[in-house]
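These notes are about the structure you will find just below.
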Amino acid sequence: MSTQPTEPTTTEPLRKEHRELMVHVEQIRAAARELPDLSPPERDVLVGRITTFVEDTLAPHARSEEEVLYRVIGDILGQPRATEPMVHDHQLIRETAHLLAHTDTNDVRITQELMYRLYGLIVAHFRKEEDLYLPILDAHPDRATEVLGELHVRGDAHARS
């Protein structure tokens, strides 16, 4: 992950959320390593867990970022399209998870390749957010508070649904 700021930042709740998500993301890499040693039904279960994590946890997280965090970062930068590469990352992550979900897990090499690709995409994406976007937000504490408030409300609404 990225280097943590030495002082607490306004965006610490976002960094904390990434650390919590990274526990699950690291399991994708571990799963890819152990895949050849698993039975076909165990591989199917593992791939199912990974794709469920992406669909049920990462995808809602990504939608909230796109609608709240990226909108505010675009406003601060004076260029609403500045965050499009990050939205593109989200699309690549979803596409890779979809490919993984529809791959024959008996093809261990391709399944592993997709798992490692998914892991790399997510890690690189989080790193870009933490190294490039969150410092911008930290420099604008009023906007950071706005983002945190909106994300909190969305998180509460998501938890209830």
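Computed from the coordinates by the stated procedures, all read-outs in this text should not be read as laboratory data. Keep in mind that what you see is a predicted model, and the values were worked out from it rather than measured. With ideal geometry, Cβ positions are generated from the backbone for all residues, glycine too; neighbour counts draw on all protein chains shown.
What the table shows:
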read-out: Normalised contact order of the chain, rounded percent, pairs of Cα under 8 Å and 6 or more residues apart; value: 39
read-out: Rel. contact order, % - alpha carbon contacts under 8 angstrom, at least six apart, region 30-101; value: 40
read-out: Cα gyration tensor category, rounded, prolate or oblate, for region 50-130 with a/c compared to 1.5; value: prolate
read-out: Directionally averaged shadow of region 96-148, computed from the convex hull of its alpha-carbon atoms, nm²; value: 4.4
read-out: Peptide ranges 97-105, 112-120 listed from the most packed, as the mean C-beta count within 10 angstrom indicates; value: 112-120, 97-105
read-out: Helix-derived mean residue ellipticity, 222 nm - over the chain, DSSP H n ≥ 4, -39500 (n - 2.57), to 500; value: -23000 deg cm²/dmol
read-out: Spatial extent of the chain: Rg and Dmax, with the Cα atoms as the point set, Å; value: 17.0, 53
read-out: Region 85-151: relative contact order as a whole-number percent, Cα under 8 Å and 6+ apart; value: 27
